[in-house]
Amino acid sequence: MRSGAGLGSAWAWWSARSAALATLALLPAACSDLGPEDGGLAEPGELLDLAESETAEAAQEVMLPFAIDPRKSLIVTDVDIVSQFSLQQVLQQLITQSGVTGLTPLTLFRSFMDTHRTGATGLFSVPHCDDTAANTADIYPPGASNPPTGSINGWPVLCPRAVGNESASDPFADPNADSAYMATTLTNRFDLAPPDGSNCGEYRIVFARRGGRLDANSLQRNFIIFEARLPNPNPSLGRQGCSSVVDFWLNQSNPAKSVATRTNELLNFYFNGLDGFEPVIHIDHYGHAPGAEHGQIRTNDFLNGSLPVGAWSLREFRLVHGTSTPSLKITPSFVKDNPAARVFSPASSSDWRVNSFQGTLFPQMVERLAAADDVNRFAYKFPMTSNYNGGESLMIPLQNNYLNALGTGASTLRSTIQAKLTAMGSSLTPDQIVGRAQALSCSGCHEPADRNGAGTSNFDVGLSAPFPTTLVFTHTSEKTEPIDSNNPNGPRRFLISPALINVFLPFRQQVMTDYLLNDPVLGFETPGAWTSPQTSLPLHTGRVREGISSLEVRTPASITEIVSPSFGTSALLPVGDRIKLELFVSVVQPNPSSIGTLEARIEIPSAGIPEQSVGVVGLDGLTRGAFNTVAFPQLPGNIVSALLAAPSDVKLKFRFAVTPMTPTSGSYYMDKVRFEN
């Protein structure tokens, strides 16, 4: 286990962890009683999955120095804390870093808002929303009332927006005025750190226009969200190079810390940076370098009940600065991973973007969209190519409703999606796949709606649970509630959505916990760590049982070996006496009546143990299209003793002996390898 500033001694944490695991071994229904003694597959429901049991949750609290409090370590909305962050302070830091002389936060803010105006009414020399007129053929739905007149990235946008009037206001003159902006939310998105650890996730500050805090002014709303991607200073270490950041956020849950201490630490993290890390608020962290992994600034506005009525607009901006000559601008950009609705329409088109999207690009996304059984894991196979991304994201009216654009009739795109789903043995429908794409759009996440614009209860993405509920086009609010419901007159915090509370935060908490407690070698969290002479082994972030990724064993041959790097067991003590893993097998099999077997092998050279088999299990009884727990026979005593001695040169090998898979057959997915008693 790692240690870090504020975590107490490593020995104290280690002792608590060992004691917790030792206690688990003494519980009734011990792990050794949960599976077949001779190894093999458990019947459905026979094995207790400790990672999801109350016992494991309690053990995690003991293993960590204190439990993770989501409202301290994942999202912070305490008024006493966020009130110490100001929009003026953020803009001034960016200006100072740019070296531009004479530029003020007020001018930067006003020019930013001015981009929502037309060129004729604009007050600043910036890109305006009608610099390029909308192409009527691109407007969706066709014949819409109050159609978009401007365009960004070649796709229509509503122009002008009432929020452009902010370019003539001064939000800093009176901090209590309706036109002022207040910080409402600090967000830890370590869960967005990619498997290769090229960055350490995204860290956000949400500013809300104060006019939206009162019911009477519910049409005076605008949110500005600074979403910084934090570079990993040691990318060669992968996600392990981010350990200081994760430890920092864990420490925010320390019950011994006062509000003042937490405030000072958060201010330092955002404005100064941890040792070895750049500050979160940095001119290079908001999209200066284009691409999905370089951050952005976003707005979500409903100012003055912008027409057409109900048209919340979500837009994205890049902070661009000069290199040789100092300059700094906040410029409109396309909304990443938000394809324009028209590319889903079956209407005949000569537009290469529509034909390319439907014929080539989107079919490549179907497997990844279909693979997830958790809304938190919805994702595209790769970032959406910029040409297809819209200039804004709207759901009401229907400009960005992909389901509405797809329609209900037969179409080439619908047939292509269905063919992909059939080939992978998925029971999902084309509508559910397009619904998942819609859920990934900004407006689809902020206000999920079916093809007719109805709300979340009708939004079907193929999950058993209803789609999570927002606060109506926002996940955060300008309104507050008591932090302690038993003390209504005590400290307050800004409201957050039920979707955050019940769905998104629990997932992010689990990602953080897995990172803190688990060995990345055994959890398939490090690209390229496991190897195979026979096939490719990409990481997959859709079908996952722990952490952020599993290992995809793609088109294995008749004999395929999956080999771990050498690893140590000191962080796994006390090591269990049986190897288990989670294994997913596709519904589509070249020989459905005989899948094959999986063998586990182990070697520990320093203990004089050469590579040897520790068991073979048959896969024919596996439930296809789902993860199953595979339990190998109990390890011999000499191997258990060697593992308990904390060697550093253990190596595992899994050998598939199966009917060779074809490119049209599904892959195997392996996750959560562990030693259990």
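The values are calculated or read from the model by the stated rules, or taken from the named source; none is laboratory data. Here the structure is a predicted model, which means the values were calculated and not measured. FYI the Cβ positions are ideal-geometry reconstructions off the backbone, even for glycines, and counts take in every protein chain you see. Heavy atoms of the whole protein, side chains included, go into the accessibility calculation; ligands, DNA and RNA do not. Shrake-Rupley method; radii C 1.70, N 1.55, O 1.52, S 1.80 Å.
To keep it simple, each residue is scored yes or no on (1) out of contact with any Asp or Glu (no Cβ under 7 Å at 6 or more places or on another chain); (2) assigned to a loop (DSSP other than H, G, I, E, B).
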| site | (1), (2) |
| --- | --- |
| CYS242 | yes, no |
| ASP247 | yes, no |
| LEU267 | yes, no |
| VAL280 | yes, yes |
| ARG315 | no, no |
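With respect to the conditions (1) open to solvent by 30 Å² or more (accessible area, probe 1.4 Å); (2) touching a residue at least 24 places away in the same chain (Cβ under 8 Å), ASN232 falls short on a single one, namely (1).
Okay, residues lined up against (1) touching a Gly at 6+ places or on another chain (Cβ under 7 Å); (2) under 22 Å from ARG353 (Cα atoms):
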site	(1), (2)
CYS129	yes, yes
THR136	no, yes
TYR140	no, yes
ALA162	no, no
GLU166	no, no
SER169	no, no
ALA177	no, no
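If the condition is being open to solvent by less than 50 Å² (accessible area, probe 1.4 Å), hydrophobic (A, V, I, L, M, F, W, C) and under 21 Å from SER258 (Cβ atoms), then segment 476-512 contributes only PHE494.
With respect to PHE124, is the statement that it is under 29 Å from ASN338 (Cβ atoms), of a type outside the set (D, E, K, R), touching a Lys or Arg at 6+ places or on another chain (Cβ under 7 Å) and part of a loop (DSSP other than H, G, I, E, B) true? So PHE124 fits the description; yes. On the given criteria, is LEU398 of a type outside the set (Ser, Thr, Tyr) and either in contact with a Pro (Cβ under 7 Å, 6 or more places away or on another chain) or part of a loop (DSSP other than H, G, I, E, B) (or both)? So LEU398 passes the test. All of (1) more than 15 Å from ALA340 (Cα to Cα); (2) within 18 Å of the chain's Cα centre (by Cα); (3) free of Cβ contacts under 8 Å to residues at least 40 places away in the same chain hold for VAL461 with one exception: (3). Quick one: count up the residues across segment 440-460 that are open to solvent by 10 Å² or more (accessible area, probe 1.4 Å) and assigned to a helix (DSSP H, G or I). So the count comes out to 7.
The strands (runs of 3 or more DSSP E) found wholly in segment 496-604 and carrying at least 2 residues that are in contact (Cβ under 8 Å) with a residue 24 or more places away in the chain and within 23 Å of the chain's Cα centre (by Cα) occupy 550-553, 578-585.
Do we have any residue at all in segment 624-638 that's open to solvent by 10 Å² or more (accessible area, probe 1.4 Å), modelled with pLDDT under 95 and not aliphatic (A, V, I, L, M)? Yes, segment 624-638 contains at least one residue that is open to solvent by 10 Å² or more (accessible area, probe 1.4 Å), modelled with pLDDT under 95 and not aliphatic (A, V, I, L, M).
Just checking, how many residues over segment 95-121 are assigned to a helix (DSSP H, G or I), farther than 20 Å from LEU303 by Cα and hydroxyl-bearing (Ser, Thr, Tyr)?
In the first step, residues of segment 95-121 are kept if they are assigned to a helix (DSSP H, G or I); the result is 95-98, 105-114.
Next cut, farther than 20 Å from LEU303 by Cα only: 95-98, 105, 107.
Subsequent filtering for residues that are hydroxyl-bearing (Ser, Thr, Tyr) retains 96, 98, 107.
Counting residues in segment 95-121 that are assigned to a helix (DSSP H, G or I), farther than 20 Å from LEU303 by Cα and hydroxyl-bearing (Ser, Thr, Tyr) gives 3.
Filtering segment 427-439 to residues that are within 23 Å of the chain's Cα centre (by Cα) and either in a loop (DSSP other than H, G, I, E, B) or farther than 19 Å from PHE362 by Cα (or both) leaves only LEU428.
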